[in-house]
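What follows is a short report on a single structure.
The values are calculated or read from the model by the stated rules, or taken from the named source; none is laboratory data. Because the structure is a prediction, the values reported are computed rather than measured. In this analysis, Cβ positions are derived from the backbone assuming ideal geometry, glycine residues included, and neighbour counts consider all displayed protein chains. SASA here: full protein model, heavy atoms, side chains in, ligands and nucleic acids out. Shrake-Rupley method; radii C 1.70, N 1.55, O 1.52, S 1.80 Å.
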Amino acid sequence: MKLFKQLRKCMLIVGMGSLSMGAYAIEGNAGLDLSLSNDAGNIGLYSLRETPHELTNLGADFLFNSKSDRFLDIYGSLARKGLLGNKNLELGLKGKLFYIDEDKNNRDGYGLMIGGLGRYWMPTEIPAAVAMEYLYAPAIVTSGDADTASEFNARVEMRILPSAVGYVGYRKLNMEFNNTNYEVDDSFHIGVRVAFQ
């Protein structure tokens, strides 16, 4: 009887351990993100970590445009899966440290953007999603010649290969210099995100 109780206790501990490891199993990859439009290009590196309930993404981007502006950022985001009772919905927060070198008027600026993001996975045979994010840097966390900054991104994504996601998107990246709005990018683009397993 004592042996049976100890055996049952061991099975319970092992079972709970495997359940908790399954619930918090981490999958991840790092990769390259490239996008191009008529007026701008973006090259990015990212590292993605995923559990059954969360997505954590860290990365850096370098955006350049036809006006010879350069925009560099380092970002981090955390999204929760299955919010609002919908298993296809991801919602989260994103932060971005940025630096801009505006060429024409020889201005620069830097600061911190904070905002939200969302992604909805469509019930299709090939994995596809609609994603949006909005970030804003108020004057209190923006410096240099810049007063404020904002960025809006929207895209439709499709997994074209097990390690590659293609997308079509729209980006609007605005800076404010001396109370004057300046568009770094305001265009549709196509891109691909390639993971290195």
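Here is how the numbers come out for the structure above:
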quantity	calculated
Any hit, the stretch 41-55, residues being free of Cβ contacts under 8 Å to residues at least 60 places away in the same chain and under 14 Å from L173 (Cα atoms)	yes
Within the stretch 155-166, considering residues that are exposed (fewer than 14 other Cβ atoms within 10 Å of the Cβ) and not aliphatic (A, V, I, L, M), the one modelled with the lowest pLDDT	P162
Complete set of residues in the stretch 158-189 that are over 16 Å from the mean Cα position of the chain (by Cα) and under 17 Å from S37 (Cα atoms)	N174, E183, V184, D185, D186, S187, F188, H189
Criterion: farther than 15 Å from F71 by Cβ, without any contact (Cβ under 8 Å) to a residue 40 or more places away in the chain and polar (S, T, N, Q) - qualifying residue of S163, S143	S143
Scan of the stretch 69-103 for residues that are of a type in the set (D, E, K, R), more than 20 Å from G118 (Cα to Cα), open to solvent by 20 Å² or more (accessible area, probe 1.4 Å) and in contact with a strand residue (DSSP E or B) (Cβ under 7 Å, 6 or more places away or on another chain), ordered by number	R70, D101
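Results for (1) open to solvent by less than 30 Å² (accessible area, probe 1.4 Å); (2) of a type in the set (F, W, Y); (3) under 16 Å from M132 (Cβ atoms), shown as yes or no for each residue.
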residue	(1), (2), (3)
F152	no, yes, yes
V168	no, no, yes
E176	no, no, no
T180	no, no, no
